[in-house]
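Step one of this worksheet: look at the structure below.
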Amino acid sequence: MQRRKFIAGLGSLAAAGAAGIGTGAFTSVQADRTVSVNTAADNDAFLAFETSGATNSAYVSNADSGAVSFNLDGDADVDGTGVNQDGTTQINDIVKVRNQGTQPVLVYVEPDSIDESDRTTSDGFGVDPQASNRPNGDYENTSSIAAGVEDDQISLTGLYSEPPYSAYGGGNDGKQEFLLDSGQAFDFGLYVNTGDSSVDQEISMKITADATAVPDTL
């Protein structure tokens, strides 16, 4: 929508110029331009995963040198080597997710990017990414808050029924929970439910920042 508005504005300007100075025509134009592209470590990228100031950044590796990984195993810079079996583990504020772009974005985890057997809706083992200290969301939990869970915390997938605090409002009010204006950040954490499973595996998830998904009313 914004791009269409921009093109319409250019058209009006061109029409006014033509009326003032006469018309000009050309058959074709070719112009060389340069595009500079650079990859950055996750601490410095347009969607940044910042470890500076994050309470539990010991569970992160590669933030200042490449793509981050979240380590809830023996690779974490902590004394333990994993989460408890037959239990739930909540680790808040692992990184700060910051919008270092020029326009507002909705930041979320695509639900289907997490394998179905690794979701918290499955029996036994499951992982769910979480956001807290959101600058624009106003959802607060009113019941069934598990130990260690902040009262403003939500699932970044917006899909799962577990943990119970992921059931926030829909529509634009729900999208506002994921909104980051330029320069804003929220805390990223992980919720892990092991059930009675013995787990040793690697899980992937896709974190998305989408400016086109921001409603005009936000």
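All of the numbers you see were taken from the coordinates with simple rules; none came from a lab. As the structure is a prediction and not an experimental result, all values here were calculated from the model. With ideal geometry, Cβ positions are generated from the backbone for all residues, glycine too; neighbour counts draw on all protein chains shown.
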If amide H atoms are built 1.01 Å from N in the plane of the peptide, which residues on other chains or at least 5 residues away come under 5 Å of the amide H of ASN71? VAL60, SER61
Could you give the nm distance between label points at ASP200 and SER117, where each point is 7 Å from its Cα heading toward the beta carbon? 1.6
By how many nm would the segment from ASP75 to ALA213 grow when fully extended, if each residue of separation counts as 0.36 nm and the alpha-carbon distance is taken off? 46.1 nm
Using modelled backbone amide H atoms (1.01 Å from N, in-plane), which distant-in-sequence or interchain residues come within less than 5 Å of PHE125's amide H? SER197
Taking the Cβ-Cβ separation of ASP181 and ALA45 as r and a Förster radius of 22 Å, what is the calculated FRET efficiency to the nearest 0.05? 0.80
